[in-house]
Every structure is written in structure tokens, then in C-alpha cells.
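Accompanying notes for the structure given below.
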Amino acid sequence: MYATPEYYTNEYGGTLISQEELNKALKSAEYDIDHLCFGRIKGKGFDNLSPYQQELISRATCLQADYLKQYGAYINNPLKSYTAGSTRVEMANVTCGGVSTTQEIINLLEDTGLRCRVL
């Protein structure tokens, strides 16, 4: 796993996902993170990456798990924004290869060097 429940709770400081849901949520996020890195994490082996890369990937996995927990119901919704009177609500997510995420997560993964398209 890119992020364990212990990492999520103790290092990342996550509180959004219950302990009962945590393994499943982290595994779902792991698939997204690996997809965003073009399968390179699994290809190289997580344990073969530098400690810096591992830390960025673990943090990105926790952030993605929280993002999916918090906005999962809205991510695949065909309605991306709406206006009611003078109030406008718009989803500010990033979609890469069919995976909805945040710019913060993309930035973390780019810092690993595993999102470079020329590798």
C-alpha cells in the first residue's frame, strides 16, 4: 500500500475517513494515484523509490482518499456548476486520464518525476 491506515492517521493527520472505511478508501485512492503516474509506481515497485518519492506518493494517496470521501458523490455528476440567484457554485477539480483529483495532488506527483510523459 502507498499509505497505510497508520500513516493516514498518525503522519498525515487524517480524520475524515472512519477506521472501518479506511483500508478500502486508501486502496481506491492508490489505484487513482498509480493511474495518474502512468503505472510507473507499480512498475518500479513502491519500495524501490526514494524515501522522498515514497513520502510524496503516500501524502498524495491520503489527499486523494479524502477528496474521494468528501466529493465522491459530485465527481461523476454531469453538472459541474450551478447558479441560484447571485450564488454560483463550481467544482474546481482537475481531470487527468479520467481521474478526478486536485491540483495539489498533481503537483505532489509531478515532484516525484513519475508523471513525466517522456520517460
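Throughout, read-outs are computed from the coordinates displayed, never taken from laboratory work. Since the model is a prediction, treat every value here as computed from it, not as a measurement. Backbone-built Cβ (ideal geometry, glycine too); neighbour counts: all protein chains shown.
So the values come out like this:
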| item | result |
| --- | --- |
| The stretch 1-34: number of residues that are under 15 Å from GLN70 (Cβ atoms), in a helix (DSSP H, G or I) and aromatic (Phe, Trp, Tyr) | 1 |
| Residue in the stretch 36-45 that is more than 15 Å from the chain's Cα centre (by Cα), outside any helix (DSSP H, G or I) and either farther than 16 Å from GLU110 by Cα or of a type in the set (S, T, N, Q) (or both) present | yes |
